Every structure is written in C-alpha cells, then in structure tokens.
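Engineer: If you scroll down you'll find the structure; I have some questions about it.
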Amino acid sequence: MSGGDDGGMSASQSHMASSPGSVDQFAPNPDYDSCRSLINSYFYQITLGCGTVHCTNRNCFSCPEGPRLDPTSAALLAVKLAQSTTHYLCAGAAISIPESLQWTEAGESSECVPLKAMLAKAATSSNVQAQVELSAAVRRCMSNPDCLSWSFLKGGKPSRATEDRSGIDCDAVAEAYKVMLKPGTPLAIVNGRGELTDSTLADVVAAALEDLCRGAIVPAQGTAHKLEPLRLFVIVLLFPGLMEPEYHNTIFKKLCSAINSLSQEQRDMIKHWMRECPASMFRETIVAFQQFITIYVNEYRCIDDHVASATKVLGILWGTNQLANPKLVSFKEFYNDAINELVDFTEDFARWKDTQRCSFSFCAHPYVLDPGTKSKLLQLDANNQMRSQIRGALFRSIFGGSECPYLILKVRREHLIRDTLLQISACQHQQEDLKKPLKVIFKGEEGIDEGGVQKEFFQ
C-alpha cells in the first residue's frame, strides 16, 4: 500500500519535497481556459454578431432585436451568460480577432496595429526601431489572409461583414496605400537572414501581397456563413500596383484566379461590396484590368486563360457598376479597344456558339464590346441563322416534299407597305420562315430577283 501511495504522488508534491524553499510556477487550469474562451465568444457575439443574416438569438448583435451595448456592459453580460447552465451561443460567434492594420492614431486593442501612428513615428530617418517595427507589422498583416480580412475597418474597430456592407473603410485603404506607396526615403527592415538593411515601404507592401497571393487565399469549404475572409479581395483589388506590369505575374494573375475560384454566391458578395468604393478608386481598378487585357491581346495576339480570367473579374466590376446608383463610372469605360480591334470575331462567335469547343469567348462578355462590334455580331448571327434555315429547308424538301428555301414577298407597287405587312403577319405561325433569304416579286411584272428587285423594294 505504501508503494502505491508513493507512486500516486503528484508532480507538484514531488517538486515541493525536493525543493522546500522554492515557489511553484502557476499552471493554467484547463477549466479556466475554456471559461475564458466562452466569455470571449459571448463578448464577440454581443458586440460583433455571428454574421448570420437573419439571426434570431436575442443575445447576438446580428439579431435585429439583439443588444447594442458599450464594451463594459457587453463584458458584464458575457460573463453572466457564460455562468448560465444553458448557453445561447451562435455557431459563427466563436471567433478570434487576429492582429490587423487599422488606419488610426491609437490601437483599440492589443490586436490592433495603429498604422497611421506607426507611419508618423517611422517618418523620422533616425528612428530605426520604429521603421523596423512598421515594416514587420505591414509584412505580417498584409501577407496573412486572416489578418488582412480584419484590417482597415471603419472606425478602426472589429466588425462583422454582412451581405449589404463589408465593414471596410475604403477611404482609409486609399489613404494608407497613398502614404505607403509614395516614393520616399529608404526604410530600415530586417531581411530573411536577420540582417538590418534598407528598402522602401512600397517594396514591403508589394512583397507582402506577393506572399499573400502565393498562398491559399480562397476561403475553405464550410465557411460560407462567415463573410469576413472575402474582405481581403476588396483590399487587394484596390491595390494601385495592379497597374504595374512587374506585378502581373506575382499578384494580378493569382488574384484573378483566386476570385474566379470562388463560388457564385461569394463573387456576388464582392460585387455588392465594391459599391462602397469611391468612384476614383473604382475607376483605377478598371483601368488596371483594361491595361492587363490590352497588353496581353496586343503582345500575344491570343486569348489565353489569363485574359479570360481577367475578363471575368472585369465582369464582376461591371456588375458592381450596374448595381450602383448613381453609376460609379460610364459603361463606356468597360469597352476594350484592343479586343474590339484585334480579335477575330468570326472565330470568337463560332467559339461562343460551340461551348464544347472552347469555354471562353468575348461574345459571352458583351460589356467589353463597343456598339460597332456588337453590330457585326448581330450580322454574323443573322447570317448564321439564315444559312441554317436554307439547309433545313433543302433537307426537308428532299425527304418530305417541296419547301422553298426563300421568304418570297409578292407585292404591288401601289400598295407596297400594306402587302408586305399582310404577308409578314401571315408568317407569325411559322416565324422560322422570316429567317430565310428574302426574294421580292412585283405583281404583274416579269423578272427574277437577283438582287436588283430587292434593292428597288427597299428604296
């Protein structure tokens, strides 16, 4: 029995026996950690919500009848709810707020990095420590999908995204990019080998976004009820560097690929959120996409996956402009001159009609086509339907009796309009006949319509 008692001695008892004068270190209780996590979950549910559009939990901010409390009152209510034997915790409320960049002078919490204040401190060339801290914070937050999704929020405070609003302060994003990308004095950074060296903040931002796009930025399956991960796409779409060819391979192409990998519902969410952008920023984003497409069509004279991907994302922006009231830009800004002038639309039209041959054609994306090109496509479509009707009529005449491959109008000169309308009206039950080539016969006159009679008819 005594051996069993000795074997059952705890680690702390053994430590006390061997070192009577020492002080034990505090070991966190698992129950304490779970309780703290539960309180945090309730606090975020009360102050931010669960993200569910029509939440019915009255202890959730997302519920129309939910609490609207200051942080202190919310913390007290969170403790009270955590002590209850019955819990009212929404599925999307158990979140943790990551480190994030906020365009503020002071951080609201330990997770908030006050970017504006850090930029002011690092502006002094002698403050090397502030420059190193700034570059490190920017690199960490802008290369991490979770951190970037919670950055640049309105008021610098964490908030949940909804179908109607992203929570992103687009003006803050614009001002932050303007300051960070401005050519200036070298910035002290610590490189990958731990050495202190010089760079610029613009290079740090670009490198961070390259790291971001190099990883997996598409939200994982099963996170459809959480909209916050989609916010990073809005922030990156507003990056002015998208217009620079040097970032086409490292950022632009991968961004387009990631957006097109999203579900239709997620792409529609981005389309709605982009309405919050100022018109000037929205126009710059469109110019970046137009420039990318123009460069590729001009240089390579082919429609590859990258051109197709960029055109599809441009379609999301076009949808944004359609939803905006008033419109952010003119619809003419979506026309692409390179596409309208260089693309063989006879071939493109054939690809559009035969989806098994090719999954992409500009005909399926008419927002990039100007009126002249659309007119050509209408003519191509009319000619295509006319040839189809001729072949069908000849085939049926061979196997099923006589059928004229032409639409013949017999009219009197003195009643030209009346006779024409009566005969066209008679074709309403066989509308396919209206797609056949036209032949005109003037009653009481001999002659075969080889084009001259038809020309006279229209004159």
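The values are calculated or read from the model by the stated rules, or taken from the named source; none is laboratory data. These figures come from a predicted structure and were not determined experimentally. Every residue, glycine as well, gets a Cβ built from its backbone with ideal geometry; the counts of neighbours run over all protein chains shown. Side chains are part of the model used for accessible areas, which takes the heavy atoms of the whole protein and leaves out ligands, DNA and RNA. Shrake-Rupley method; radii C 1.70, N 1.55, O 1.52, S 1.80 Å.
Engineer: Once the cut-off is 37 Å, how many percent of the Cα-Cα pairs in the chain end up in the long-distance tail? Let's see the in-between values first.
Structural biologist: Details: 53835 of 105111 pairs.
Here the long-distance tail beyond 37 Å is 51 percent of all Cα pairs in the chain.
Engineer: For segment 63-196, what are Rg and Dmax over the alpha carbons, in angstrom?
Structural biologist: Over segment 63-196's Cα set, Rg and Dmax evaluate to 18.4, 59 Å.
Engineer: Here's a follow-up. What per residue convex hull volume, in Å³, comes out for segment 229-268 when only alpha-carbon positions are used? Walk me through the numbers on the way to the answer.
Structural biologist: Details: hull volume 2.6 nm³, N = 40.
Once divided by residue count, the hull of segment 229-268 is 64 Å³.
Engineer: Then there's this: Given a Förster distance of 25 angstrom, what is the FRET efficiency for L438 paired with K332, based on the Cβ-Cβ distance and rounded to 0.05? Don't skip to the end; give the middle numbers.
Structural biologist: Values: r = 35 Å, r/R0 = 1.40.
For R0 = 25 Å, the calculated efficiency reads 0.10.
Engineer: Another question about this same structure. Report the equivalent ellipsoid semi-axes for segment 64-124 in whole Å, largest first, defined as the square roots of five times the eigenvalues of the gyration tensor built from alpha carbon atoms. Kindly include the intermediate steps, with their values, before the conclusion.
Structural biologist: Values: eigenvalues 229, 30, 22 Å².
Its equivalent ellipsoid spans semi-axes of 34, 12, 10 Å.
Engineer: Report the per residue volume, in Å³, of the convex hull enclosing the C-alpha atoms of segment 324-417.
Structural biologist: Details: hull volume 19.7 nm³, N = 94.
Per-residue hull volume (Cα only) is 210 Å³.
Engineer: Find the accessible area per residue for the chain; the probe is 1.4 Å, ligands and nucleic acids are left out, and the unit is Å². All intermediate terms of the calculation are to be shown ahead of the outcome.
Structural biologist: Working: 25660 Å² over 459 residues.
Here the residues of the chain average 56 Å² of exposed surface.
Engineer: Right, another one. Setting aside same-chain residues fewer than 8 positions from K253, which aspartates and glutamates have a Cα under 15 Å from its Cα?
Structural biologist: Within the straight-line limit of under 15 Å, K253 reaches these aspartates and glutamates: E210, D211, E244, D304, D305.
Engineer: Helix 71-83: angle to the longest alpha-carbon principal axis of the chain, degrees 0 to 90, nearest 10?
Structural biologist: For 71-83 against the chain, the angle is about 80 degrees.
Engineer: Using DSSP to define loop residues, name the trypsin sites (Lys or Arg not before Pro) in segment 135-212 whose beta-carbon has at most 16 other beta-carbon atoms within 10 Å.
Structural biologist: Numbers: sites: R139, R140, K154, R160, R165, K178, R193; in loops: R160, R165, R193.
Those satisfying the criteria are R165, R193.
Engineer: I would also like to ask the following. If you bin the C-alpha pair distances of segment 241-377 every 5 Å from 0, what whole percents do you get?
Structural biologist: All Cα pairs considered, the percentages come to 2, 10, 19, 23, 22, 15, 8, 1, 0.
Engineer: Taking the simple approach of a point 7 Å from Cα along Cα-to-Cβ for both Q356 and Q430, what is their distance in nm?
Structural biologist: Output for this residue pair reads 3.1 nm.
Engineer: Evaluate Rg over Rh across segment 116-180, taking Cα atoms for both radii and Kirkwood's formula for Rh. All intermediate terms of the calculation are to be shown ahead of the outcome.
Structural biologist: Details: Rg = 13.4 Å, Rh = 13.1 Å.
Rounded to two decimals, Rg over Rh is 1.03.
Engineer: Quick one: pull the percent of accessible area on the chain belonging to carbon and sulfur, 1.4 Å probe, ligands and nucleic acids left out. Spell out each step's value before the answer.
Structural biologist: Numbers: 13620 of 25660 Å².
C and S atoms contribute 53 percent here.
Engineer: Separation between the F399 and R165 pseudo-spin-labels, each 7 Å from Cα along Cα→Cβ, expressed in nm?
Structural biologist: If labels sit at F399 and R165, their model points lie 6.4 nm apart.
Engineer: Bin width 10 Å, origin at 0, all Cα-Cα pairs of segment 191-317: what percent of pairs per bin?
Structural biologist: Pair shares across the bins are 11, 41, 33, 12, 2.
Engineer: What is the angle, in °, between the Cα long axis of helix 128-142 and the longest principal axis of the Cα atoms in the chain? Nearest 10 is fine, range 0 to 90.
Structural biologist: The helix 128-142 is inclined about 50 degrees to the chain.
Engineer: Based on DSSP H runs of at least 4 residues, each adding -39500 (n - 2.57), what is the mean residue ellipticity at 222 nm of the chain after dividing by all its residues, to the nearest 500 deg cm²/dmol?
Structural biologist: Working: 19 runs with 227 residues, N = 459.
Helix contribution divided over all residues of the chain: -15500 deg cm²/dmol.
Engineer: In percent, how large is the relative contact order of the chain, given Cα pairs closer than 8 Å and 6 or more residues apart? Before the final figure, lay out each step's value.
Structural biologist: Details: 576 pairs, mean separation 36.7, N = 459.
8 percent.
Engineer: What's the magnitude of the charge dipole for segment 343-459 around its Cα centre, counting Lys and Arg as +1 and Asp and Glu as -1 at the beta-carbon? Answer in Debye, nearest 20. It would help to have the intermediate numbers written out before the result.
Structural biologist: Numbers: 17 positive and 16 negative charges, 43 e Å.
Roughly 200 debye for segment 343-459.
Engineer: Rounded to a whole number of µm²/s, how large is the Stokes-Einstein D of segment 274-344 at 20 °C and 1.002 mPa s, given Rh as the Kirkwood radius over C-alpha pairs? Numbers along the way, then the final one.
Structural biologist: On the way: Rh = 12.6 Å.
Approximately 170 µm²/s, per Stokes-Einstein.
Engineer: Still on this structure, I have one more. What is the projected area of the convex hull of the Cα atoms of segment 253-313, averaged over all directions, in nm²?
Structural biologist: Result: 4.2 nm².
Engineer: Give me the one-decimal nm value for the distance between modelled label points at V128 and D211, 7 Å along each residue's Cα-to-Cβ direction.
Structural biologist: 2.2
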